[in-house]
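The values are calculated or read from the model by the stated rules, or taken from the named source; none is laboratory data. Here the structure is a predicted model, which means the values were calculated and not measured. Glycine also receives a Cβ, built like all others from the backbone with ideal geometry; neighbour counts cover every protein chain displayed.
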Amino acid sequence: MAVAPNSSTSVIAGSTASIDPIFKPFYHEEKKDYKLPVIAPDLDHNTYDVYRRSAYIVDQRWSIKQNAARQRHIDQAISFNIYVPNNIRASVLLELHIQAWKSGMKSTYYMRSTASDIEECEWCHS
């Protein structure tokens, strides 16, 4: 059993990218030949508060804990993405990887960082 995190497939299916947090309530998926608008599923004035906490705002230490709990029940490694600001300190990045390893995760997938503009990140300040 494996978990598919594929964001491109989720855009086609009109769903979220598996266990990853929502990237943003609205953004453009850009590929070589096209630019496709993507809206979080069932986004409206009632659900916006749930979706407004984008992947880069979510405390990645909690994401690692959640994925480690899932990993025990998954045969293959979870393709888990870590979302960090582009100005993250190397020591914090190392701490995230060590936490993932010690918690029993078999692997991580992408380390995704932000562009230079980002909302205030609460987990970076702790």
- Query: Does L36 meet the test of being part of a strand (DSSP E or B) and loosely packed, with under 14 Cβ neighbours inside 10 Å?
  - Reply: yes
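One line per residue, one yes/no per condition, for (1) touching a Pro at 6+ places or on another chain (Cβ under 9 Å); (2) within 29 Å of I74 (Cα to Cα):
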{"position": "A17", "(1), (2)": "yes, yes"}
{"position": "E30", "(1), (2)": "no, no"}
{"position": "D33", "(1), (2)": "no, no"}
{"position": "L36", "(1), (2)": "no, no"}
{"position": "L43", "(1), (2)": "yes, no"}
{"position": "R53", "(1), (2)": "yes, yes"}
{"position": "I57", "(1), (2)": "yes, yes"}
- Task: Report, ordered by the first and then the second residue, all pairs with beta carbons closer than 9 Å, sequence separation of six or more or different chains, a first member in region 90-109 that is over 22 Å from Q76 (Cβ atoms), and a second member that is surrounded by 11 or more Cβ atoms within 10 Å (Cβ to Cβ).
- Result: V92/V84; V92/C124; L93/I82; L93/V84; L93/M111; E95/R61
- Selected residue [outside any loop (DSSP other than H, G, I, E, B), within 19 Å of A17 (Cβ to Cβ) and modelled with pLDDT of 85 or more] from Q66, Q99: Q66
